[in-house]
Amino acid sequence: MPVQDLTQLKTQVERAVAEAKITDIHTHLYSPAFGDLLLWGFDELVNYHYLVAETLRISDIPYEEFWALSREQRTDLIWKTLFLDNSPYSEACRGVLTVLNELGLDVGSRDVSAFREYYRNQTVHGFIDKAFEVANIDSVVMTNDPFDAQERKVWLEGFEVDPRFKAALRLDPLLVFWDKSYADLKAWGYDVDVALSARSLKEIRRFLSDWIKRMDPVYMAVSLPSSFRYPADNACAKIIEECVLPVSREHNVPFALMIGVKRQVNPGLRLAGDGLGKSDISAVEYLCANYPDNKFLCTMLSRENQHELAVNARKFRNLLVFGCWWFLNNPSLIEEITRMRFELLGVSVIPQHSDARVLDQVIYKWAHSREIIAKVLVDEYSDLARTGWQVSEDEIRRDVNNLFGGNFWSFLEK
């Protein structure tokens, strides 16, 4: 019996992963039409909230004094604290260096002025092209909030669509903060009340349908706290039951659940002040079991939830698990979780998304994730080879292309 050459197999897997075009299914990026909502450049990269949290953990500067600094002054403090006074080996710090290196800059120079000068010579359209080329991605899914005044204005006025940027309708204000957001709907001409009368529920469904028609989103999404329970006797559960789920079925737009955040455990850190908690997986189980005609995407923030989530995905084909989100976006955890998911679910997952808030981040997040995913796949295919099963390079490419986007688009089309 011929034995597959494992060295050749490793080369084939690594080549397939490196060359695969990626659909980045969850980001916080925007197309150029949204103006300064699209973040990019050296100062935005270094001011990312991951690095802010690390800096304020080490530095003695009072929070109020830190936030009173200009963006460039904060960059300089972060750079000095994390990159010069200490070795920058955290994932967030290494990510900044990976970006600069991939863009051809001399990281070893530690020359902030040179890094800023590079970006001053870029245009937004040119840099989008550059970032997509370096990261080898073909499209990204945005996070689009109709309750955000700046973003809402762009949608209402209309704009030239960049097909590389797909919309996702974000529902956090509607589901998590109904006691405040109902007033916005009322001001926009929807006849709603805080008590969620039958009339209000009908109007919320109209609101969702209106925005689905306007945005053409690939899914609706919500970031939920670790305390989320379903079913439950609260506004969030009622709006999901009476509005989100029926509209999701009607328009064939999946509902994406991102569960596990603890909002503002330290408000002084602002955007960096959120934490995480272990969540109750039975909410996802209930939704998938009781609404088989709905499609659900799910990622969870706590490491302790990952095994249960993967097991649930084995039971429900209307559930697609995706990515290693936020605090899980660290190499050791990505490898552990990806390995476990492949072992339980085979190729029927989306192993990663970037969650990028700054355009430049797609470069490092995908460079780092590709390396880890390739490593795990080499082990999986090598294990197959040892049984006598041989995989062709075409089969490897098929699998990899499904993992990096094909599974997502197939799930949407069901």
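Listing for the model above:
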{"read-out": "Residue list for the stretch 112-129, filter: out of contact with any helix residue (DSSP H, G or I) (no Cβ under 9 Å at 6 or more places or on another chain) and not β-branched (V, I, T)", "value": "S113, A114, E117, R120, N121, G126, D129"}
{"read-out": "Test: R398 is in the same structural domain as V17 (by TED's automatic domain parsing), basic (K, R) and more than 16 Å from L257 (Cα to Cα)", "value": "yes"}
{"read-out": "Every pair of residues 6+ apart whose Cβ atoms lie under 6 Å, when the first sits in the stretch 31-43 and is of a type in the set (S, T, Y) while the second is surrounded by 18 or more Cβ atoms within 10 Å (Cβ to Cβ) and not in a loop (DSSP other than H, G, I, E, B)", "value": "S31/F165"}
{"read-out": "Elements of type helices (runs of 4 or more DSSP H) in the stretch 16-83, at least 2 residues being modelled with pLDDT of 95 or more and surrounded by 20 or more Cβ atoms within 10 Å (Cβ to Cβ)", "value": "42-46, 49-58, 71-78"}
{"read-out": "Residue match in the stretch 310-325 (condition: under 22 Å from F165 (Cα atoms), in the same structural domain as I25 (by TED's automatic domain parsing), at pLDDT below 95 and of a type in the set (A, V, I, L, M, F, W, C))", "value": "yes"}
{"read-out": "Of the criteria (1) within 23 Å of the chain's Cα centre (by Cα); (2) of a type outside the set (D, E, K, R); (3) modelled with pLDDT of 95 or more, which one Y291 fails", "value": "(1)"}
{"read-out": "Criterion: surrounded by 20 or more Cβ atoms within 10 Å (Cβ to Cβ), more than 26 Å from the chain's Cα centre (by Cα) and of a type in the set (V, I, T) - qualifying residue of V218, V192", "value": "V192"}
{"read-out": "Qualifying residue in the stretch 199-209 (condition: in a loop (DSSP other than H, G, I, E, B), in contact with a Phe, Trp or Tyr (Cβ under 8 Å, 6 or more places away or on another chain) and either free of Cβ contacts under 8 Å to residues at least 12 places away in the same chain or crowded, with 17+ Cβ neighbours inside 10 Å (or both))", "value": "no"}
{"read-out": "Extreme residue, surrounded by the fewest Cβ atoms within 10 Å (Cβ to Cβ), among residues of the stretch 161-176 that are of a type outside the set (A, V, I, L, M) and under 19 Å from the mean Cα position of the chain (by Cα)", "value": "P163"}
{"read-out": "Which numbered condition P88 fails, given (1) surrounded by 13 or more Cβ atoms within 10 Å (Cβ to Cβ); (2) within 27 Å of the chain's Cα centre (by Cα); (3) closer than 22 Å to N136 by Cβ", "value": "(3)"}
{"read-out": "Any hit, the stretch 135-151, residues being assigned to a helix (DSSP H, G or I), surrounded by 13 or more Cβ atoms within 10 Å (Cβ to Cβ), in contact with a helix residue (DSSP H, G or I) (Cβ under 8 Å, 6 or more places away or on another chain) and outside the structural domain of K21 (by TED's automatic domain parsing)", "value": "yes"}
{"read-out": "Matching entry among V96, V124 (being over 21 Å from the mean Cα position of the chain (by Cα) and in contact (Cβ under 8 Å) with a residue 24 or more places away in the chain)", "value": "V124"}
{"read-out": "Criterion violated by Y230 - all others in (1) in a loop (DSSP other than H, G, I, E, B); (2) among the hydroxyl-bearing types (S, T, Y); (3) farther than 28 Å from E413 by Cα satisfied", "value": "(3)"}
{"read-out": "Filter pass, I239 being over 28 Å from R199 (Cβ atoms) and surrounded by 17 or more Cβ atoms within 10 Å (Cβ to Cβ)", "value": "no"}
{"read-out": "Flag for V253 being part of a loop (DSSP other than H, G, I, E, B) and either crowded, with 21+ Cβ neighbours inside 10 Å or touching a residue at least 60 places away in the same chain (Cβ under 8 Å) (or both)", "value": "yes"}
{"read-out": "Residues (under 19 Å from N47 (Cα atoms), free of Cβ contacts under 8 Å to residues at least 60 places away in the same chain and of a type outside the set (A, V, I, L, M, F, W, C)) located in the stretch 99-121", "value": "N101, R110, D111, S113, E117, R120"}
{"read-out": "Scope the stretch 289-303; condition touching a residue at least 40 places away in the same chain (Cβ under 8 Å) and either in a loop (DSSP other than H, G, I, E, B) or of a type outside the set (A, V, I, L, M) (or both); matching residues", "value": "Y291, D293, N294, K295, F296, C298, T299, L301, S302"}
{"read-out": "Boolean, S348 is touching a strand residue (DSSP E or B) at 6+ places or on another chain (Cβ under 6 Å), touching a residue at least 12 places away in the same chain (Cβ under 8 Å) and not in a helix (DSSP H, G or I)", "value": "no"}
{"read-out": "All positions within the stretch 294-325 that are polar (S, T, N, Q) and under 17 Å from the mean Cα position of the chain (by Cα)", "value": "T299, S302, Q306"}
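Residues are listed down the side, and each one gets a yes or a no for (1) in contact with a Lys or Arg (Cβ under 9 Å, 6 or more places away or on another chain); (2) of a type outside the set (V, I, T); (3) part of a helix (DSSP H, G or I):
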site: H307; (1), (2), (3): no, yes, yes
site: A356; (1), (2), (3): yes, yes, no
site: A374; (1), (2), (3): yes, yes, yes
site: S382; (1), (2), (3): yes, yes, yes
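The values are calculated or read from the model by the stated rules, or taken from the named source; none is laboratory data. Because the structure is a prediction, the values reported are computed rather than measured. Backbone-built Cβ (ideal geometry, glycine too); neighbour counts: all protein chains shown.
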